[in-house]
Amino acid sequence: MTFKSQLENMDGIYQALFSAAEKIYGELKKGEGLKFATSSNESGDDQIELDVIADEAFFETLSKDPYCRYVVSEERPDMIKTSDGPYSVALDPLDGSKSALIGIPSGAIFGVWKNADEAKDFHGGNIISGGFFVFGMNLEVYFADGDKVYKGQFDTDTGWTLVQLTEPMPSADILAINGQMQTVWGQWLQDYVAENLQATNGKKPYNMRWFASMVSDMKRMVLQGGLFAYPAADFKGYETGKLRLVYEAIPMAFLIHAMGGSSTNGDMSLLEMPVDKLHQKVPVFIGDKAKIEALEAKKKAG
Ligand SMILES: O=P(O)(O)OC[C@H]1O[C@](O)(COP(=O)(O)O)[C@@H](O)[C@@H]1O
Ligand SMILES: [Mg+2]
């Protein structure tokens, strides 16, 4: 497959991302790396061996592309300079790794930024491409190349087939959230969730879905709509949620915004948030515009 990007000199970066994903998916299918490693990553998360394999696969292919300047990863402490090219790539090389251990689809999240030389440059105003691979029944990709959104699937004989998605974002009433910390969420969020899950007065409540694998929850959002939430909680380690702004939140928000959806940290769009640190965590809410507006209004009203 040769994907023709509308963005200048990006074809090689896509090719590098696609071939690394093919390699990782191949290893996963063989059952390689599906056990805990002795290491942990920069955020202190335990790694599985496939986390490390995936991280290395992306670095290997991206470092050969002359237009890729820096590669940064959830699995590494620092930015790695690979050339003087114009683009920098941020990766969650294996998202949902603990789910992969029990056969739930995992994947990889990527974003490409222009003019990114240090952490603060990896904000939503500079991102030009973002999306994710799914390592499930098939190897799939969902991404926005600038303002164009694509869905693709890999076949070992025929390679990648990509189609552009031109329909507006679907808007099913589905809520993807882990209720584990609900008693220590802000009261406004407890109320928002309770209200949308109420079956009283003949109103059908939102459907609850949670894969514990962001790529799988976001695949459902692209295909059906809904609201994905990973909020902050008043509990040690969850003060600003769990997900990372650069490696997970901004690339996913970029894709959903390109489909006509929206995002927020509760107060402002994830694409407007300043970035202080590459590994910074952020409360994440991504979904259709009406749901994000209602959620922000609820928070504002207290
Ligand atoms: O364990 P929880 O709280 O359900 O968290 C699940 C979330 O963590 C993630 O697995 C992210 O963590 P990793 O990137 O380390 O896999 C997301 O894919 C998912 O939405
Ligand atoms: Mg992740």
- Got a sec to turn the phi values of the range 191-208 into Karplus ³J(HN,Hα) couplings, 6.51 cos²θ - 1.76 cosθ + 1.60 with θ = phi - 60°, whole Hz, x for Gly and Pro? 5, 4, 5, 4, 4, 7, 9, 6, 9, 6, 6, x, 7, 6, x, 4, 7, 9
- Task: Could you run the Karplus curve 6.51 cos²θ - 1.76 cosθ + 1.60 with θ = phi - 60° over the range 253-265 and give me ³J(HN,Hα) per residue in whole Hz, x for Gly and Pro?
- Result: 4, 4, 5, 5, 4, 5, 8, x, x, 8, 8, 7, 9
- Could you tell me which trypsin sites (Lys or Arg not before Pro) in the range 1-54 are loop residues by DSSP with no more than 12 other beta carbons within 10 angstrom of their beta carbon? LYS4, LYS35
- Residues whose modelled amide H sits under 5 Å from the amide H of LEU165, counting only those 5 or more places away in sequence or on another chain, are VAL149, TYR150, LYS151
- Query: Pulled fully out, how much extra length does the chain show between SER43 and LYS29, if you take 0.36 nm times their separation in residues and subtract their Cα-Cα distance?
  - Reply: 2.3 nm
- Item | Gain on full stretching of the segment that runs from LYS4 to SER269 - 0.36 nm per residue minus C-alpha separation | 92.4 nm
- Amide H neighbours of ARG209 under 5 Å, counting only residues 5+ apart in sequence or on other chains, H built in-plane at 1.01 Å? LEU175, ALA176, ILE177
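For the cross-link pairs LYS98/LYS298; LYS236/LYS299; LYS114/LYS291; LYS4/LYS30; LYS151/LYS277; LYS98/LYS291, which exceed 27 Å when the distance is taken from alpha carbon to alpha carbon?
Numbers: LYS98/LYS298 33 Å; LYS236/LYS299 22 Å; LYS114/LYS291 30 Å; LYS4/LYS30 31 Å; LYS151/LYS277 31 Å; LYS98/LYS291 29 Å.
Check vs 27 Å cut-off fails for LYS98/LYS298; LYS114/LYS291; LYS4/LYS30; LYS151/LYS277; LYS98/LYS291.
Run lengths n ≥ 4 of DSSP H only: what is the helix-derived mean residue ellipticity at 222 nm for the chain, with -39500 (n - 2.57) per run over all residues, to the nearest 500?
Numbers: 7 runs with 81 residues, N = 302.
Calculated at 222 nm, the ellipticity per residue is -8000 deg cm²/dmol.
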- A student applying the Cα gyration tensor rule (rounded when a/c is under 1.5; otherwise prolate if a/b is larger than b/c, oblate if not) would label the range 1-66 prolate
- Note on the structure: Sorted by chain and number, the residues with a modelled amide H under 5 Å from that of ASP95, at a separation of 5 or more or across chains, are GLY107, ALA108, ILE109
- Item | 14 Å beta-carbon shell around TYR25, net charge (K/R +1, D/E -1) | -3
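Taking the Cβ of GLN182 as the centre, find all other residues whose Cβ is under 14 Å away and add up their charges (Lys, Arg: +1; Asp, Glu: -1). Provide the component values of the computation, followed by the final result.
Values: positive: none; negative: ASP191, GLU195, ASP234.
Combined, the nearby Lys, Arg, Asp and Glu give -3.
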- Task: Convert each backbone phi in the range 164-177 into a coupling constant with the Karplus relation 6.51 cos²θ - 1.76 cosθ + 1.60 (shift: θ = phi - 60°), then list the ³J(HN,Hα) values in order as whole Hz, x for Gly and Pro.
- Result: 7, 9, 10, 6, x, 4, x, 9, 4, 8, 10, 10, 10, 7
- Note on the structure: Under Stokes-Einstein, the chain at 20 °C and 1.002 mPa s, with its Kirkwood radius over C-alpha pairs, diffuses with a coefficient in µm²/s of 111
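In which sequence would VAL89, VAL52 go, from the one with the fewest C-beta neighbours within 10 Å to the one with the most?
Details: VAL89 24, VAL52 17.
Going from sparsest to densest Cβ surroundings: VAL52, VAL89.
FYI, it's all coordinate maths here, none of it is from the lab. Predicted, not measured: the structure shown is a model, and the values here were computed from it. Every residue, glycine as well, gets a Cβ built from its backbone with ideal geometry; the counts of neighbours run over all protein chains shown.
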